[in-house]
Amino acid sequence: MADRIQPRVLKGFRDILPAAEIERADLQEKITKVYRSFGFVPIDTPVLEYSEILLRKSNGETEKQVFRFEDNGKRDVAMRFDLTVPFARFTAEHESELYFPFKRYHIAKVWRGEKPQAGRYREFMQCDIDTVGSDSAAADFEILSVMKAALAEIGVTDVTIHVNHRGIFNRFLEKLGQSEKSEDILRSVDKLAKIGRDAVRAELVETTGAESCADEILEYIASADDFDATLDKLERMAGGEADDTKRMREIREMMKAAGIDATYVLDPSITRGLDYYTGVVYETFLNDCPEIGSVCSGGRYDNLAGLYTKTKLPGVGASIGLDRLIAGLEKLGKTTKKGSYLDAEIFCMDKSLVVHYQKVAAVLRAKGIAVEVFPEQKKIAQQYAVTDAKCVKWGIIIGTDEAAGNVVTLKKLETREQFPSLTVEQAAEKILSEKN
């Protein structure tokens with residue numbers, strides 16, 4: 001046909017085949033389990049928001065990346081670029097219906113029109129948690145603790161979580177007389193891992209107008225020997241003890257009490273480019289694959305909801321970037337692929353027995369076994385090819401003799417080992433014993 005349309009997807013977008021989507025779904029389920037175990041509840045928000053909602057508290061770089069357009073009603077709308085800003089709007093709009101502190105999780109897609117690269121797409125999944133209504137060290141620590149627990153649940157334990165506090169940095173910049181240029185300075189510092197020290201220094205010299213200021217900023221963002229030594233240095237350079245350094249020490253004590261302090265480092269170069277962060281900020285790196293970038297990031301954003309409500313609603317949260325995390329795991333060879341959720345396949349050996357096959361399948365499902373019936377009588381090699389593609393572990397063979405005797409032949413498909421003349425109950429017991 002001359003008018004046939006070529007199937008294709010937009011650059012930076014992709015179709016996800018079953019094996020990959022099963023892996024994503026499994027990871028989401030494990031992350032969700034951990035989020036719920038800490039008391040977080042699910043919400044959802046629209047894909048589209050008014051542009052002024054999404055962009056009022058963002059920088060120019062973010063605005064360039066947003067998918068923004070005029071809809072059929074002549075409204076200026078944009079697709080959400082993260083889940084945090086819509087959550088701030090949600091909290092303000094439903095303030096009277098919520099209880100505080102309010103702890104929510106939201107696992108959904110977001111869109112950014114940035115340049116596609118390894119582990120980074122224009123459409124991707126974020127797994128967010130946030131607590132609003134509490135400005136406490138306990139709320140900050142809980143988010144940091146959930147990050148570690150969620151990653152551990154999916155088998156990611158060799159990680160380092162880099163922590164910093166924007167408040168300390170802001171005091172330091174005020175002492176330097178550079179407060180008015182803080183956003184530009186923060187964005188330059190945030191590029192350190194991407195463009196290197198020399199390039200960042202050049203940007204800082206241009207921004208501050210003084211090489212001495214640039215060098216002092218670079219000295220500030222350099223880590224000392226350990227967490228406590230680094231905090232002492234930051235406190236000294238920022239002008240002494242204040243609420244922000246007290247907060248970091250309190251969080252540090254909680255880490256030690258929970259026995260998880262080895263996972264966290266105080267990294268003054270972590271600033272998070274978005275300017276709505278006001279307190280603790282953090283990024284998470286796979287120790288064996290740091291080049292993939294942060295797989296879980298976030299921070300405290302005490303003033304974000306203030307754009308939409310007079311009520312003070314301090315917040316803190318984090319987001320696991322699922323696609324980047326999977327890209328890192330694939331690079332490390334730590335992903336597992338499976339083609340289905342099936343435990344067993346009932347082969348169609350005789351089309352006259354299709355009713356009997358369905359009866360057996362119903363009994364197996366009632367016992368907690370995921371099973372399907374092959375829908376047509378085809379050559380057994382063809383049926384095997386399908387179960388191999390689906391990574392099905394067990395095959396169930398029922399011919400006329402087995403049906404007459406009300407038994408089945410159970411076959412371990414990987415080894416071709418057979419267990420003949422089993423009752424359906426015995427077959428179920430065998431499958432479940434090796435499943436558990």
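The values are calculated or read from the model by the stated rules, or taken from the named source; none is laboratory data. In this text the structure is predicted, and so the values were computed from the model without any measurement. Cβ atoms come from the backbone with ideal geometry, glycine included; neighbour counts cover every protein chain shown. Heavy atoms of the whole protein, side chains included, go into the accessibility calculation; ligands, DNA and RNA do not. Shrake-Rupley method; radii C 1.70, N 1.55, O 1.52, S 1.80 Å.
For the chain, the 222 nm mean residue ellipticity estimated from helices alone, with every DSSP H stretch of n ≥ 4 adding -39500 (n - 2.57) and the total spread over all residues, rounds to -12500 deg cm²/dmol.
Direction-averaged shadow area of the convex hull around the Cα atoms of segment 232-361, nm²?
Directional mean of the projected Cα hull area for segment 232-361 stands at 15.8 nm².
Compared with the direct C-alpha span, the chain from Lys412 to Gln377 gains 10.6 nm at full extension, assuming 0.36 nm per residue. Kindly provide the Kirkwood hydrodynamic radius of segment 94-253 in Å, to one decimal, from all pairs of distinct alpha carbon atoms. Its Kirkwood hydrodynamic radius stands at 18.5 Å.
Work out the length of the dipole vector of the chain about its Cα centre, built from +1 on the beta-carbon of each Lys and Arg and -1 on the beta-carbon of each Asp and Glu, and round it to the nearest 20 debye.
The dipole of the chain has a size of about 1380 debye.
Expressed as a whole percent, the accessible area of segment 232-338 that falls on carbon and sulfur atoms is 47 (1.4 Å probe).
Divided by 2.2 N^0.38 Å, where N counts the residues, the Cα radius of gyration of segment 90-133 comes to 1.58.
Segment 259-324 and segment 11-58 have Cα centres lying 17 Å from one another. What is the pair-distance distribution P(r) of segment 13-128, computed from all Cα-Cα distances in 5 Å bins starting at 0, with each bin given as a whole percent? Going out from 0 Å in 5 Å bins, segment 13-128 shows 2, 10, 17, 19, 19, 15, 12, 5, 1 percent. Overall, the accessible surface of segment 29-90 at a probe of 1.4 angstrom is composed of carbon and sulfur to the extent of 49 percent.
How high is the FRET efficiency from Val9 to Leu98, r the C-beta distance, R0 35 Å, rounded to 0.05?
Rounded to the nearest 0.05, the efficiency is 0.35.
Sorting the segments 6-16, 300-310 by their mean number of nearby beta carbons within 10 angstrom, highest to lowest, gives 300-310, 6-16. With N as its number of residues, the chain has a Cα radius of gyration that, divided by 2.2 N^0.38 Å, comes to 1.23. Sorting 323-329, 70-76 by average packing, meaning the other beta carbons within 10 Å per residue, from highest down gives 323-329, 70-76.
Hull volume per residue, based on the alpha-carbon atoms of segment 292-414 and their convex hull, is 193 Å³. For the chain, the per residue solvent-accessible surface stands at 49 Å², with DNA, RNA and ligands left out and a 1.4 Å probe.
For Asp140, what is the net charge nearby, where nearby means another residue's Cβ is under 10 Å from its Cβ and Lys, Arg count +1, Asp, Glu -1? Neighbour charge sum, excluding Asp140 itself: -1. Each of Ala242, Phe285, Gly259 was scored by the projection of its Cα onto the charge dipole of the chain, and the greatest displacement toward the positive side belongs to Phe285; charges sit on the C-beta of Lys, Arg, Asp and Glu.
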